[in-house]
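**Student:** Structure in structure tokens, see below.
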Amino acid sequence: MMIDWLDEFKLLQPSDFLRDHPTNDAELICLIQEKEEFMLSTLEFFGLPKNYMEGAGHFPWWGKEKKDDKLALARKRAATKGGKAKVKNAALEKAKKKRNIDKKVEEVKPTYFDIAVFQQCFRRFVACDGRVRSVARQMLLRDLNRTMKVFLDEHKEMSYKKCVDVFELARLLATEGFDQDPVLNENMASILLCFGEIEHDIQYGERIPPETEDERKLRFIAEVKAKELEDAIKEA
């Protein structure tokens with residue numbers, strides 16, 4: 001089915017594109033993917049699990065509904081606890097046991113392909129069309145001073161160490177009073193990761209920049225002075 005969808009989609013190879021669009025960009029990077037792989041890797045920005053075609057992430061809600069049902073049943077039993085005991089018919093129970101009527105059938109997670117996960121991610125991708133991305137760009141650039149407030153540290157100062165979780169960016173912008181479209185609010189992180197070419201790490205923490213030459217010299221001088229002080233104390 002997916003192969004049929006991509007039948008008319010033409011994915012240019014780097015050699016085909018660069019032949020008509022020559023460049024001397026030393027940092028140019030080319031990634032060669034088949035059409036199906038390109039589609040799946042794109043949708044991963046919008047929530048599609050990795051290795052989805054091998055079954056990863058299928059039926060994500062499986063088992064959770066059953067757990068909720070059991071909790072509801074437990075609450076119902078607790079509410080009726082202390083009431084009149086149910087009188088069992090011994091003959092009926094014996095007949096049920098003989099025929100295994102009361103034997104619980106263990107439900108097994110479906111093994112067929114779960115297309116619903118793909119459809120959900122595909123709808124999110126399609127919703128983030130050029131208009132939505134243009135609105136996002138204009139919103140962020142309209143007042144850069146206001147936009148940059150989400151990157152202030154705890155002292156309300158701009159810091160190179162301040163990193164923002166891209167998945168929290170929409171919420172932080174909302175706290176600064178940005179009026180966001182519901183589609184943009186849900187997919188801000190996905191749009192930036194897929195189309196924004198932003199630098200990001202899949203981890204949390206403060207960014208420590210590389211040491212500059214001046215900082216390296218100051219650190220060396222501080223280490224020499226500390227060593228001299230330590231030697232002087234020993235000799236005293």
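A short reminder: the numbers here are calculations on the coordinates, not readings from a lab. Values in this document were obtained by computation on a predicted structure and should not be read as measured data. Because the Cβ atoms are built from the backbone with ideal geometry, glycine has one as well, and the counts that use them run over all protein chains shown.
**Student:** How do S134, S190, S41 line up, fewest other C-beta atoms within 10 Å first? List each step's numbers first, then the result.
**Tutor:** Numbers: S134 10, S190 21, S41 14.
By the 10 Å Cβ count, ascending: S134, S41, S190.
**Student:** Residue separation times 0.36 nm, minus the C-alpha to C-alpha distance between D114 and D129: what's the value?
**Tutor:** 2.9 nm
**Student:** Starting from one equal scatterer on each C-alpha and no solvent at all, send me the Debye-based log10 I(q)/I(0) for the range 6-62 at q = 0.23 Å⁻¹, two decimals.
**Tutor:** Summing over Cα pairs of the range 6-62 leads to -0.99.
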